[in-house]
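S.K.: If you scroll down you'll find the structure; I have some questions about it.
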Amino acid sequence: MSEYQYYEFLALDRPLSTSEQSYIQSLSSRVQLTSNQAIFTYSYGDFRGDPQQVLEKCFDIMLSMANWGTRQLMFRLPTSLVDVSLLESYCLPDKISVATTDNHVILNINLDDEEYRDWIEGEGWLSKLVSLRDDLLRGDFRALYLAWLKAVSSHG
């Protein structure tokens, strides 16, 4: 079976600047880029950027999927709008983490499970998950709790 990796980034709070778009284009010739979205799809090879750094610099939400079972969803949230300690209570090593920058909190949900080890296309999934960022900003952590339950059940 061949390899499949999919990365999608969305800028929700503002469009990408010209310099940010140039930076994104420098990461791969395979990028599909608009003023608020970048999609990278690989059948062979790897994404040359660091997804968390790309999110921190330019975007508000990121989804990556690979056919060996990895599913990663990251959110960039303004530090002024979230209580980091509440997010940290859901952290599990190598599964759910929180990082802070000067202006943002990065919530990283990274699930790797054998039940995900089949061929799946990533297209169309991120747009269905955008509302989860709004939920987090409002203090609604139900989706994070479900991710935590999934991570705990596969934590080993």
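S.K.: To the nearest 20 debye, what is the magnitude of the charge dipole of segment 5-154 about its Cα centre, counting +1 on the Cβ of each Lys and Arg and -1 on the Cβ of each Asp and Glu? Could the numbers behind the result be given before it?
M.R.: Details: 13 positive and 21 negative charges, 40 e Å.
Rounded to the nearest 20 debye, it is 200 debye.
S.K.: Just tell me which lysines come within less than 18 Å, Cα to Cα, of K95; anything on the same chain fewer than 8 places away is out.
M.R.: K150
S.K.: Loop only by DSSP, 14 or fewer other Cβ within 10 Å of the Cβ. Give me the trypsin sites (Lys or Arg not before Pro) in segment 1-85 that pass, ordered by residue number.
M.R.: On the way: sites: R30, R48, K57, R71, R76; in loops: R30, R48.
Sites meeting the loop and neighbour criteria: R30, R48.
S.K.: Something else now. N36 to L149: extension gain in nm, 0.36 nm per residue of separation minus the Cα-Cα distance? Numbers along the way, then the final one.
M.R.: Working: separation 113, 0.36 × 113 = 40.68 nm, distance 3.15 nm.
Taking 0.36 nm per residue and subtracting the Cα distance, the gain is 37.5 nm.
Values in this text are rule-based calculations from the coordinates and carry no lab data. All values reported here derive from a predicted model rather than from experimental measurement. As a convention, Cβ positions derive from the backbone with ideal geometry for all residues, glycine included, and neighbour counts pool all protein chains shown.
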